[in-house]
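Reviewing the structure listed below.
The values are calculated or read from the model by the stated rules, or taken from the named source; none is laboratory data. Since the model is a prediction, treat every value here as computed from it, not as a measurement. Backbone-built Cβ (ideal geometry, glycine too); neighbour counts: all protein chains shown.
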Amino acid sequence: MYFQPKDGSDPYEIHHYLQWVNGEVHYFSGFVDYADGHQEPLHGAVDDLKYDPATRRLLGGTMTFDAGWGKTRTVEIAPVSDTGFHLGTAHYFGFKGERHGQGHGVDHTSGERYADMTGRDTIMEAHQLRDCVIRTQEGDATGFGIFESVVLGDHPRYGLSGSDSFL
């Protein structure tokens, strides 16, 4: 996530990777990256996000990061639009018999376009993993980023039922 402070000072970025299962964090990595090259580590995150129950697409919310020593950083997140790149079409988790990283030779090209990513058959084929372009805000700093998510199983706090889950 990229941020430009309102006062015109140098921009910065926050990036993180969070993996949790059944409410338990299995892996977290996060940093604030500054224009001068230094980094500040982040130690964890708590989200208050919303997802579309039918497509499990991010609808927005907040991420509050543990910045250490009792400090937190809260980022507001909102999708720019309904668009996004479904990584299944790039063969992540397999797609139409192909796998990500599978060699086809130097001249091989392929591509897919879906006009509507809300139909159950379509999202099952293209998978849930997608890049969602987002607007970001932390205090008076605003910017943009990409939020990539997969939410599997039953998640009552998101209003998501395990019976509607899919990869």
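The table for this structure:
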item	result
Cross-chain or 6+ apart pairs with Cβ under 6 Å, the stretch 90-103 first and under 18 Å from Phe166 (Cα atoms), then surrounded by 11 or more Cβ atoms within 10 Å (Cβ to Cβ) and aliphatic (A, V, I, L, M)	Tyr92/Leu129; Phe93/Leu167
Members of the stretch 67-112 found to be outside any helix (DSSP H, G or I), of a type in the set (A, V, I, L, M) and within 30 Å of Leu42 (Cα to Cα), listed by number	Ala67, Val75, Ile77, Ala78, Val80
Matching residues, the stretch 112-149, being under 16 Å from Lys50 (Cβ atoms) and free of Cβ contacts under 8 Å to residues at least 60 places away in the same chain	Arg135
Test: residue in the stretch 53-65 that is over 30 Å from Gly111 (Cα atoms) and of a type in the set (D, E, K, R)	no
Qualifying residues in the stretch 7-20 (those that are exposed (fewer than 14 other Cβ atoms within 10 Å of the Cβ) and under 25 Å from the mean Cα position of the chain (by Cα)) - the one nearest to Thr74 (Cα to Cα)	Tyr17
Residue that is nearest to Thr74 (Cα to Cα) [pool: residues in the stretch 22-52 that are modelled with pLDDT of 95 or more, out of contact with any Asp or Glu (no Cβ under 9 Å at 6 or more places or on another chain) and outside any strand (DSSP E or B)]	His38
Count - residues of the stretch 22-38 that are exposed (fewer than 10 other Cβ atoms within 10 Å of the Cβ) and either within 24 Å of Val151 (Cα to Cα) or of a type in the set (A, V, I, L, M) (or both)	5
Test: Val150 is surrounded by 14 or more Cβ atoms within 10 Å (Cβ to Cβ), of a type in the set (Val, Ile, Thr) and more than 30 Å from Asp7 (Cα to Cα)	yes
Flag for Phe144 being part of a loop (DSSP other than H, G, I, E, B) and closer than 23 Å to Leu59 by Cβ	no
Candidates Arg73, Arg57 - the one that is closer than 20 Å to Arg135 by Cβ, modelled with pLDDT under 95 and surrounded by 15 or more Cβ atoms within 10 Å (Cβ to Cβ)	Arg57
